[in-house]
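Okay, structure first, notes after.
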Amino acid sequence: MEETRIPALDVLGRRNLELGPFVDGGQSVGPWVHWKLRADQDGIVWLLLDKKGTSTNTLSEDVLTELDAALTTIEQDRPRALVIRSAKQSGFIAGADINELRGVTDPTKIEALIARGHGVLDRLDRLPLPTVAVIHGYCLGGGLEMALACDHRIAIDDASFGFPEVLLGLHPGLGGTVRLSRLINPVQAMTMMLTGKTLRPSAAKTLGIVDAVTQERHVIGAIKAAADRSLKLHRPGMLVGLLNSSPARALLAPRMRRETEKRAPRRFYPAPHALIDLWAEHGGSAAAMQKAEISSFARLLVSETAQNLVRVFFLRNNLKGLASGTWDGKRIHVIGAGAMGGDIAAWCAWHGFTVSLADMKAEPIGGAIKRATELYGKIGRDNRRRIRDSLDRLIPDLRGEGVTSADLIIEAVPEALSLKQKV
Amino acid sequence: MQCGRPLLLRQPFAPDAFDQVILGCVNVIADEMNPARVAALRLGMGESMTAFTVQINCGSGMQSIDTAYRYIREGVMDLVLAGGAESLSHAPLVFNHSAVEWYARMFGARNIWARLVALLGVRPSFFKPVIGLERGLTDPITDLNMGQTAELVAHLFHISRRQADEYAAESQRRLATAQREGWLAAEVEPLFARDGTVFDHDDGVRPDSTADSLAKLKPAFERPWGKVTAGNSSQITDGASWVILASEGAVKKHKLQPKAVIRDSEWSALDPSIMGLGPLFCSTEILKRQKYVLGDIELWELNEAFAAQVLGCLAAWEDDEFCRKALGLSSAAGAIPRDRLNTDGGAIGIGHPVGASGNRIVLHLINAMHRLGLKRGIATECIGGGQGGAMLIEAV
């Protein structure tokens, strides 16, 4: 009998995502398209975002409108606790739906739209029960702003956190500037929003953005601990209040402006400077800062800089879409272990291909291995396993024997005709 | 030594009548790099007795039987002594009381899983700190220790802490009953220390364990929310076990009384992070080859590395999707009744001397089938590193 067997972990992998009451075919009790709501046996309500028609969650107007309706139900039912997480394998929420931000010209319209979003997240923030965001994969921009409106943030160890708005000529616009600068050291909060850098869970934990970092297998335990308030909550310390005080802001803001001006002059990049202004002027009052965030965001969004950067973002995405054709190859053979060949080989091995690196001489291959080791040390940081496995996949090939089993052959010998002909 | 001597003593042939000695051992100590040969010489099997040691982690004790079985089946050998032994502690410590006390003070009673395992025969039970084992029990490919792989299996098959604790308490109860009723007498030899102390039973058993008392233990591997504890895991112990394999010719020649026949054996491998599911693959392969279904097997010994891992295997065989896609069956294999599985307890109470366990579960399966009047059984174990081994046995 012919049988096809699938590796056990591939069969089980999809089950890894802990979806609480939805695990054994549990159905949503809500009428919504993007959100699923169901209580587990401990009386904890799970609200899953599973945005229709896409593999990645983004925050759009209808997602927020539905969330508002779901919160009405939760306010009435008063469950023991609320869990918010994504049902997508790809991650939590990758940010706001940028499509909705394209081509808008009227700042008052944007303000009205954004204010409605603020209303929904404020409502989530005010819920009189423990709220827990369980975060795997991407948690960026608006996704992080929603997570910040919860009492607890539990990170799975593959999560990444960031506010990349500045790269689109914007700053966070759903209360993120307020909530982050009041949750953690505002200087670090500003740094995060000014640079747009993403953080790994361990760094997010150190800063106080998340309360716990764990694995899928302990999500239920972490949620229970949050629900009965035994999970140690990160609380902003005295320092946060102190640094948000008027004299501290007066002292710190000019330095931030100077540093920012060096890298992103206000004339070309208004967003980071608007962000600093926002904090410098309103950092002392959450309500005032939130109000100012809305109008500042609207101003930036209609600006030429932001609209151009958003356009570039879409062009880039389209290009990525063009390049996203699948290739089933696993084996790459690179001829020539010079700077170019060696680095191509190292890059391919890092991305999971088994690479034979051929050269007539051993020394260049040795040099390529050395450069690969250094490269992996930089990009892999503490990921010892990936570094080891990548170096394992990078096979020195002095006799060119890897060519027969290769799915793709890359020629990278010096530009000399005789040499090329020889190859 | 202490289990090999009585075994050889009761044979109608001389110790040098064997063709080969094979011993499973995971952590070979520097003093005895080939413990099989050392054991052969010290057992008086003669200078011309060839002997080698095999290592496949937790499957080593079964690998020795399987290797002997295949040699005999090929017709190149007639009589093989196959065993498994594990002793991670250094021999001098065993006899050095001040050192033992120093260890005891240093690690405290709760963290020392020093056990005597009196199996088919016994060797000195050495005190050893868990900490020294951590690296050996961590998979180098996935960086997960064995306890963490059990956590993952528990998660993927929704095994609760309560279920694991209940399984562990029942296992302890079964072992206590077996000890009390003398059901282990045919395979456990008392051990005599040089100072005259006699160890006549395995003292890892905790008959007073209940699911409630086990629920109080903290997770051993992944705090604070893990489910795998010292109470619902196998105990790290020292121990040894030997069995004799003979060809039909040797049985006739020496007028032996065989206890069982090996019908089949199989080894399988899978992702190291779910190594606890190893038994599913090798056992299912044997069932397919022999045209059996799960229910045709009358008795199972599935090594209790972790309660959650045993329960994960049982759940997987009842899981339609998993059986179809991962095991290549047409539907779920079904349920194994609990009275047909690890009927006299297992490694949770007796301990898991990694090199010896595979040998011990084969031997115990045979003895348990004799006691219960059953004929067909499978002994199987999960193997650190992502493997599994299984052996189909028929009682004679």
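The values are calculated or read from the model by the stated rules, or taken from the named source; none is laboratory data. As the structure is a prediction and not an experimental result, all values here were calculated from the model. Methodologically, a virtual Cβ is constructed for each residue, glycine included, from the backbone with ideal geometry; neighbour enumeration extends over all protein chains shown. Heads up: the accessible areas ignore ligands, DNA and RNA and are worked out on the full protein's heavy atoms, side chains in. Shrake-Rupley method; radii C 1.70, N 1.55, O 1.52, S 1.80 Å.
Quick rundown of the values:
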quantity: Helices (runs of 4 or more DSSP H) within the range A:172-240 that include 3 or more residues within 14 Å of another protein chain (Cβ to nearest Cβ) and surrounded by fewer than 22 Cβ atoms within 10 Å (Cβ to Cβ); calculated: A:219-227
quantity: The range B:1-23: number of residues that are over 19 Å from B:Ala250 (Cα atoms) and open to solvent by 20 Å² or more (accessible area, probe 1.4 Å); calculated: 4
quantity: Test for A:Asp68: is it within 14 Å of chain B (Cβ to nearest Cβ), of a type in the set (D, E, K, R) and farther than 19 Å from A:Ala222 by Cβ; calculated: no
quantity: Hits in the range B:55-83 - residues which are open to solvent by less than 20 Å² (accessible area, probe 1.4 Å) and of a type in the set (Val, Ile, Thr); calculated: B:Ile65, B:Val80
quantity: Sole exception among (1) in contact (Cβ under 8 Å) with a residue 24 or more places away in the chain; (2) over 21 Å from A:Asn317 (Cβ atoms); (3) part of a strand (DSSP E or B) for A:Gly30, by number; calculated: (3)
quantity: Complete set of residues in the range A:268-291 that are open to solvent by 70 Å² or more (accessible area, probe 1.4 Å) and part of a helix (DSSP H, G or I); calculated: A:Glu281, A:Ala287, A:Lys291
quantity: Output for the range A:334-360, where each listed residue is closer than 14 Å to A:Arg399 by Cβ and of a type outside the set (Asp, Glu); calculated: A:Ile335, A:Ala337, A:Ser356, A:Leu357, A:Ala358, A:Met360
quantity: Qualifying residue in the range B:163-184 (condition: farther than 23 Å from B:Ile383 by Cα and among the aromatic types (Phe, Trp, Tyr)); calculated: yes
quantity: Residue in the range B:215-231 that is hydroxyl-bearing (Ser, Thr, Tyr) and under 24 Å from B:Ile378 (Cα atoms) present; calculated: no
quantity: Number of the condition not met by B:His364 [criteria: (1) under 26 Å from B:Ala150 (Cβ atoms); (2) surrounded by fewer than 24 Cβ atoms within 10 Å (Cβ to Cβ)]; calculated: (2)
quantity: Verdict on B:Glu301 being at pLDDT 95 or above, acidic (Asp, Glu) and not in a helix (DSSP H, G or I); calculated: yes
quantity: Matching residues in the range A:360-406 - criterion: being without any contact (Cβ under 8 Å) to a residue 24 or more places away in the chain and at positive phi; calculated: A:Arg381
quantity: Matching residues in the range B:134-190 - criterion: being among the aromatic types (Phe, Trp, Tyr), assigned to a loop (DSSP other than H, G, I, E, B) and open to solvent by less than 50 Å² (accessible area, probe 1.4 Å); calculated: B:Phe157
quantity: So A:Phe297, is it surrounded by 20 or more Cβ atoms within 10 Å (Cβ to Cβ), farther than 18 Å from A:Ser405 by Cβ, touching a residue at least 40 places away in the same chain (Cβ under 8 Å) and among the aromatic types (Phe, Trp, Tyr); calculated: yes
quantity: In the range B:200-248, the residues that are surrounded by fewer than 18 Cβ atoms within 10 Å (Cβ to Cβ) and outside any loop (DSSP other than H, G, I, E, B); calculated: B:Asp212, B:Ser213, B:Glu248
quantity: Check on B:Ser273, in contact (Cβ under 8 Å) with a residue 40 or more places away in the chain, among the hydroxyl-bearing types (Ser, Thr, Tyr) and either open to solvent by 20 Å² or more (accessible area, probe 1.4 Å) or more than 19 Å from B:Leu392 (Cα to Cα) (or both); calculated: yes
quantity: Residues located in the range B:365-396, provided they are assigned to a loop (DSSP other than H, G, I, E, B), of a type outside the set (Val, Ile, Thr) and more than 23 Å from B:Val293 (Cβ to Cβ); calculated: B:Gly384, B:Gly385, B:Gly386
quantity: Per-region count, the range A:134-162, residues open to solvent by 10 Å² or more (accessible area, probe 1.4 Å), part of a loop (DSSP other than H, G, I, E, B) and within 10 Å of A:Pro201 (Cα to Cα); calculated: 2
quantity: Considering residues of the range A:312-367 that are exposed (fewer than 12 other Cβ atoms within 10 Å of the Cβ) and of a type in the set (Ser, Thr, Tyr) only, the residue nearest to A:Leu101 (Cα to Cα); calculated: A:Ser324
quantity: Any chance B:Gly231 is within 20 Å of the chain's Cα centre (by Cα), within 14 Å of chain A (Cβ to nearest Cβ) and at pLDDT 95 or above; calculated: no
quantity: Residues of the range A:21-43 that turn out to be out of contact with any helix residue (DSSP H, G or I) (no Cβ under 7 Å at 6 or more places or on another chain) and within 14 Å of chain B (Cβ to nearest Cβ), as a count; calculated: 7
quantity: Extreme residue, nearest to B:Leu256 (Cα to Cα), among residues of the range B:28-51 that are touching a strand residue (DSSP E or B) at 6+ places or on another chain (Cβ under 7 Å) and open to solvent by 60 Å² or more (accessible area, probe 1.4 Å); calculated: B:Thr50
quantity: In the range B:224-246, the residues that are within 19 Å of B:Gln2 (Cα to Cα) and among the aromatic types (Phe, Trp, Tyr); calculated: B:Trp242
quantity: Boolean, A:Leu170 is closer than 23 Å to A:Glu61 by Cβ, among the aliphatic types (A, V, I, L, M) and modelled with pLDDT of 95 or more; calculated: yes
quantity: The range A:241-267, residues that are of a type in the set (Lys, Arg) and open to solvent by less than 60 Å² (accessible area, probe 1.4 Å); calculated: A:Arg249
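Table: residues versus (1) within 14 Å of the chain's Cα centre (by Cα); (2) buried (at least 23 other Cβ atoms within 10 Å of the Cβ); (3) within 14 Å of chain A (Cβ to nearest Cβ); (4) at pLDDT below 95.
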residue	(1), (2), (3), (4)
B:Leu294	no, no, no, no
B:Phe306	yes, yes, yes, no
B:Val310	yes, yes, no, no
B:Cys313	no, yes, yes, no
B:Arg324	no, no, yes, no
B:Ile348	yes, yes, no, no
B:Gly358	yes, yes, no, no
